[in-house]
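The values are calculated or read from the model by the stated rules, or taken from the named source; none is laboratory data. The model shown is predicted, which means the values in this text are computed figures rather than measured ones. Cβ sites come from the backbone with ideal geometry, for glycine too, and all protein chains shown count toward neighbours.
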Amino acid sequence: MERNCLFCKIVAGEIPASIVASNELAIAFNDISPVAPTHLLVIPKAHYENVSALTKEDGPSLVALLELAEEVAAGADFRLVFNSGAGVGQSVFHAHGHVLAGRDFAWPPG
């Protein structure tokens, strides 16, 4: 756990979050600034700065995160977005994916 990490504090129960599901290695909770009718964050319980670090260092947590993303999407079509770095919008430097669903999405995004 990183002491100054918002998401580590959520995992530890130090900061409240609207947790909707969890498994042994990951949790999912509602985003506080949703951009879609369904907008959840899925994060590993262990701290990794971004999805690249998670992929290189902890395959089981990455798989658990992906399985949880599918579970919370509840059979709906969904988009799973990972921002990796400040230049593309990552604002909390703990690996996390955005599960977006409940409306049509255009491509390419942004």
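Restricting attention to region 1-19, report how many residues are in contact with a helix residue (DSSP H, G or I) (Cβ under 9 Å, 6 or more places away or on another chain) and crowded, with 17+ Cβ neighbours inside 10 Å.
Number satisfying all stated conditions: 1.
Among the residues of region 36-54, is any among the β-branched types (Val, Ile, Thr), surrounded by fewer than 17 Cβ atoms within 10 Å (Cβ to Cβ) and either modelled with pLDDT of 95 or more or within 24 Å of residue 109 (Cβ to Cβ) (or both)?
Taking region 36-54 first, the residues among the β-branched types (Val, Ile, Thr) are 38, 42-43, 51.
Those left that are additionally surrounded by fewer than 17 Cβ atoms within 10 Å (Cβ to Cβ): none.
Within region 36-54, not a single residue is among the β-branched types (Val, Ile, Thr), surrounded by fewer than 17 Cβ atoms within 10 Å (Cβ to Cβ) and either modelled with pLDDT of 95 or more or within 24 Å of residue 109 (Cβ to Cβ) (or both).
Residues in region 79-93: is at least one in contact with a helix residue (DSSP H, G or I) (Cβ under 6 Å, 6 or more places away or on another chain), in contact (Cβ under 8 Å) with a residue 24 or more places away in the chain and of a type in the set (Val, Ile, Thr)?
yes
Do you know which residues across region 23-72 are closer than 23 Å to residue 85 by Cβ and of a type in the set (D, E, K, R)?
31, 45, 49, 56, 57, 58
For the structure I just gave you, tell me whether residue 20 is over 13 Å from the mean Cα position of the chain (by Cα), more than 15 Å from residue 92 (Cβ to Cβ) and β-branched (Val, Ile, Thr).
Values: over 13 Å from the mean Cα position of the chain (by Cα): no; more than 15 Å from residue 92 (Cβ to Cβ): yes; β-branched (Val, Ile, Thr): yes.
For residue 20, the condition - over 13 Å from the mean Cα position of the chain (by Cα), more than 15 Å from residue 92 (Cβ to Cβ) and β-branched (Val, Ile, Thr) - is not met.
If you scan region 88-107, which residues turn out to be modelled with pLDDT under 95 and not in a loop (DSSP other than H, G, I, E, B)?
Hit for region 88-107 is 88, nothing else.
Does region 72-83 contain at least one residue that is surrounded by fewer than 20 Cβ atoms within 10 Å (Cβ to Cβ), within 21 Å of residue 5 (Cβ to Cβ) and of a type outside the set (Phe, Trp, Tyr)?
So far as region 72-83 goes, yes, one or more of its residues are surrounded by fewer than 20 Cβ atoms within 10 Å (Cβ to Cβ), within 21 Å of residue 5 (Cβ to Cβ) and of a type outside the set (Phe, Trp, Tyr).
Kindly indicate whether any position in region 73-83 is charged (D, E, K, R) and more than 17 Å from residue 31 (Cβ to Cβ).
From region 73-83, those charged (D, E, K, R) are 77, 79; that's our starting set.
With more than 17 Å from residue 31 (Cβ to Cβ) added as a condition, the list becomes 77.
Yes, because at least one residue in region 73-83 is charged (D, E, K, R) and more than 17 Å from residue 31 (Cβ to Cβ).
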